[in-house]
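My questions all concern the structure below.
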Amino acid sequence: MKAWLLKRCGNLVENDNILEICDVPYPEIKPNEIVIKIKASGVCHTEHDEIEGRTPPPKFPVILGHQIVGVVDKTGKEAKIFKCGDRAAVAWIGSSCGECYFCQKGLENLCQNFQATGRDINGGYAQYIAIKEDFAYKIEGGFEDEFIAPLLCAGAVGYRSLKLTEIKDGEPIGFMGFGASAHIVLKLSKILFPSSQLMVFARSETERQFALDLGANWAGDIEEIPPQKPKAIIDTTPVWKPIIASLNALEKGGRVVINAIRKESTDKEELLKLQYESHLWLEKEIKSVANVTRQDVKEFLALAFKNNIKPEIQIYSFENAKKALIEIKEKKIRGAKVLIVEGK
Ligand SMILES: [Zn+2]
Ligand SMILES: [Zn+2]
């Protein structure tokens, strides 16, 4: 089968040979696994971080990708949930132990032995993937494959971030950065919190206009203070400056939830501007969101299908995966990027 192999970490633009399309064997299958023939595969900012070495390093070579939709092609001897031909999806959580303290508490996203799809196990930039069947999701109804892929990470992790804000209807919500995740969560927030004001902080005029087009009540630059201070702000930016800006714009007792696997170190000196009295005093909080649980993915897919929350997408051919990733690096983003692996 064809697969994009990440061979080592490095700068995506300067190194031609770290990420290459290769011929690799059809995946071997364990008794409790299924093989999915991949139709659509989402491209996430996390892949850019993996390539450039900002997440815990994988065992090379690895196939990237963790927003996968396709059809079951083969089932292991002990597989009971899926049969061949079923529509199936895979998200960032590829495996957890089920036994540790965190798994027992419903926090499998924090499992001691958490394995990420497309990092610790092979992912979706390929024609096929093998996955434990209880870490795959049955897709019944819903949208076309390419509209489901971005829901699996940008959507599901965004949904987890929204839950972690503990926001209630009527309380204003802020979005710092407006890419794949934020635009989906904004759509969801309009449904779950119809009386809340939704405010978007974004660097570019294009992103701000995109936010207003999708129904944001206010859109401004990252250091602007909106007419109403948000009770919670979800930060999806890759850098530090917006965290300081978020804390500055936050209501008393409010919470900033950081939805980013790693922050780039390029503007770390911005952190020196953190001042206790203006940024943290009056019970302001900062919390990060790590990974995602299967329950988050299931709940979010059900909400998205029921409420017709379709992401805005940009389609790329499988061969153009690198082009899509470079555009993410260059911050050319409007909605979510998806690779079509298998033509319809
Ligand atoms: Zn992702
Ligand atoms: Zn565990």
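Within the range 96-155, restricting attention to residues that are among the acidic types (Asp, Glu), closer than 19 Å to PHE82 by Cα and in contact (Cβ under 8 Å) with a residue 60 or more places away in the chain, which residue is nearest to ligand 1 (Cβ to nearest atom)?
ASP145
List the strands (runs of 3 or more DSSP E) inside the range 1-47, counting only whole elements, that have at least 2 residues being within 16 Å of ligand 1 (Cβ to nearest atom) and at negative phi. Steps first, please.
On the way: elements: 2-6, 19-23, 33-43.
Those strands (runs of 3 or more DSSP E) span 2-6, 33-43.
Shifting gears a bit: For the subset of the range 30-62 comprising residues that are within 17 Å of the chain's Cα centre (by Cα) and aliphatic (A, V, I, L, M), which member is nearest to ALA180 (Cα to Cα)?
Taking the candidates together, the pick is VAL43.
Hey, any hits in the range 106-126 for a residue that's more than 15 Å from ligand 2 (Cβ to nearest atom) and of a type in the set (S, T, N, Q)? Talk me through it step by step, then tell me what you get.
Initially, the range 106-126 is screened for residues more than 15 Å from ligand 2 (Cβ to nearest atom), giving 117-119, 121-126.
From what is left, the residues that are of a type in the set (S, T, N, Q) are 117, 122.
Yes, the range 106-126 contains a residue that is more than 15 Å from ligand 2 (Cβ to nearest atom) and of a type in the set (S, T, N, Q).
Could you tell me whether LEU19 is within 22 Å of GLU264 (Cβ to Cβ) and of a type in the set (A, V, I, L, M, F, W, C)?
When the stated conditions are applied, LEU19 passes them.
Let me ask another. Please verify whether the range 96-114 includes one or more residues that are in a strand (DSSP E or B) and within 27 Å of CYS44 (Cα to Cα).
No, because not a single residue in the range 96-114 is in a strand (DSSP E or B) and within 27 Å of CYS44 (Cα to Cα).
Which of (1) assigned by TED's automatic domain parsing to the domain that holds GLU28; (2) more than 16 Å from ligand 2 (Cβ to nearest atom); (3) over 15 Å from the mean Cα position of the chain (by Cα) is the odd one out, the single condition ALA149 does not satisfy?
With respect to (1) assigned by TED's automatic domain parsing to the domain that holds GLU28; (2) more than 16 Å from ligand 2 (Cβ to nearest atom); (3) over 15 Å from the mean Cα position of the chain (by Cα), ALA149 is out only on (3).
Within the range 84-105, can you find the residues that are away from ligand 2 (no atom under 16 Å from the Cβ) and out of contact with any Gly (no Cβ under 9 Å at 6 or more places or on another chain)?
Just the residues of the range 84-105 that are away from ligand 2 (no atom under 16 Å from the Cβ), to begin with: 84-91.
Within the range 84-105, CYS84, GLY85, ASP86, ALA91 meet the criteria.
Somewhere in the range 267-274, is a residue more than 16 Å from ligand 1 (Cβ to nearest atom) and at pLDDT 95 or above? Outline the logic, then answer.
The initial filter retains those residues of the range 267-274 that are more than 16 Å from ligand 1 (Cβ to nearest atom), namely 267-274.
With at pLDDT 95 or above added as a condition, the list becomes none.
So far as the range 267-274 goes, no, none of its residues is more than 16 Å from ligand 1 (Cβ to nearest atom) and at pLDDT 95 or above.
The values are calculated or read from the model by the stated rules, or taken from the named source; none is laboratory data. Just so it is clear, the model here is predicted, and its values are computed rather than measured. As a convention, Cβ positions derive from the backbone with ideal geometry for all residues, glycine included, and neighbour counts pool all protein chains shown.
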